[in-house]
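Peer 1: Just passing along the structure, written as structure tokens.
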Amino acid sequence: MHVWLFSRWMGVKDCAGEHAVDQDEGKWKNKERVLIFSSRGINFRTRHLMQDLRTLMPHSKADTKMDRKDQLFVINEVCEMKNCNKCIFFEAKKKQDLYMWLSNTPQGPSAKFLVQNVHTLAELKMTGNCLRGSRPLLSFDPIFDREPHYALLKELFIQIFGTPQYHPKSQPFVDHVFTFTVTDERIWFRNYQIIEEDASLVEIGPRFVLNLIKIFQGSFGGPTLYENPHYQSPNMHRRLVRLSVAAKFREKQQVKEVQKIKKKGTKVLVEEDPTEVVFETPAEEKPVEIQLVKPESKPIVKDKKKLRKIQRKKQKKLFRTEGSA
């Protein structure tokens, strides 16, 4: 009896091993986990953008907001505690500027971007839709294969935004595509639905623009591998806008001063033309009449009805006096 049970147990174990070998292709091998969180001081739009990215990326994890006083290298320890090897960190400054860090923790590299033109899923209300947890296709601009720093960013985007195959929280469907397009020295992120009938694309959202600042060798620091020469900080941009407005105001003030000087200046006297009065005909002079007697003053009656009543009374009195005579 014990031998039969032992042989039966061994047989089941062998069958299970064969079954595991057959389904070895369906195992979850790519253990990429992305930590998505932010610093304190973000606005509602950034909070909704973070929530949209967590919804689109089933292999992501969330964490509480990090204090502003903490150094950025602390994020590597947070990722290690959360068992994550990739990180998307949103850093807010001055309550109006938003920066995004993409990092491969803890070795690196990492990239810092300025996030512009953010539009969330709830704000756009596009007609596109996709299954929650489905795996996306990643589409890149051809320039990502020509420039070395774009090639590095492409690999970073693939490892962060690509959902691992056979992930427990993912669905075995591909019904949307993430596009990364380079225009005006910026990376434009879009999310489109793939329609099955004609393979056309309908935008889902969210959408945002990434302006590259620097690429670092380490995670959240280290030697600088690339610095964008076309980058302009938000402070400099706001300063230039203020200077342009001030220049326009000064120009208007100068125009007003010139107009005042012209008005105060002496007018140029034009010489009289002797032929100007050739065709003028003198008018006849009327004799001047001098009134020696003061004209009679007319009675001032405010109400015309009262005047008529007074005239009627006078007429009645005249008739009565004539009749009695």
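Peer 1: Please work out which residue is least open to solvent (accessible area, probe 1.4 Å), limiting yourself to region 47-77 and to residues that are among the charged types (D, E, K, R) and part of a loop (DSSP other than H, G, I, E, B).
Peer 2: 63
Peer 1: Name the single residue that is modelled with the highest pLDDT among those in region 215-236 being in contact with a Phe, Trp or Tyr (Cβ under 8 Å, 6 or more places away or on another chain) and hydroxyl-bearing (Ser, Thr, Tyr).
Peer 2: 224
Peer 1: Are there any pairs with C-beta distances below 9 angstrom linking a residue in region 208-219 that is over 30 Å from residue 122 (Cα atoms) to a residue that is hydrophobic (A, V, I, L, M, F, W, C) and open to solvent by less than 10 Å² (accessible area, probe 1.4 Å), with the two at least 6 apart or on different chains, and if so which?
Peer 2: Partner pairs satisfying both residue conditions: 214/111; 215/111; 215/153; 216/111; 219/75; 219/79; 219/87.
Peer 1: Go through region 28-46 and give me each residue that's in contact (Cβ under 8 Å) with a residue 24 or more places away in the chain, open to solvent by 40 Å² or more (accessible area, probe 1.4 Å) and part of a helix (DSSP H, G or I).
Peer 2: Listed by number, the list holds a single entry, 45.
Peer 1: Grab the strands (runs of 3 or more DSSP E) fully contained in region 163-246, keeping just those with 1 or more residues being in contact with a Leu (Cβ under 7 Å, 6 or more places away or on another chain) and of a type in the set (Val, Ile, Thr).
Peer 2: 171-183, 186-194, 207-218
Peer 1: Return the residues of region 120-156 that are in contact (Cβ under 8 Å) with a residue 40 or more places away in the chain, open to solvent by less than 60 Å² (accessible area, probe 1.4 Å), within 30 Å of residue 195 (Cα to Cα) and of a type outside the set (S, T, N, Q); say none if nothing qualifies.
Peer 2: The answer is 121, 124, 128, 130, 133, 136, 138, 140, 141, 153, 156.
Peer 1: Something else now. State which residue is modelled with the lowest pLDDT when the search covers only region 78-95 and only residues that are assigned to a loop (DSSP other than H, G, I, E, B) and charged (D, E, K, R).
Peer 2: Looking at the filtered set, the residue picked out is 95.
The values are calculated or read from the model by the stated rules, or taken from the named source; none is laboratory data. Nothing here was measured: the structure is a model prediction, and the numbers come from that model. When we count neighbours, we look across all protein chains shown, and the Cβ atoms used for this are built from the backbone with ideal geometry, even at glycine. Keep in mind that these areas ignore ligands, DNA and RNA; they rest on the heavy atoms of the full protein, side chains included. Shrake-Rupley method; radii C 1.70, N 1.55, O 1.52, S 1.80 Å.
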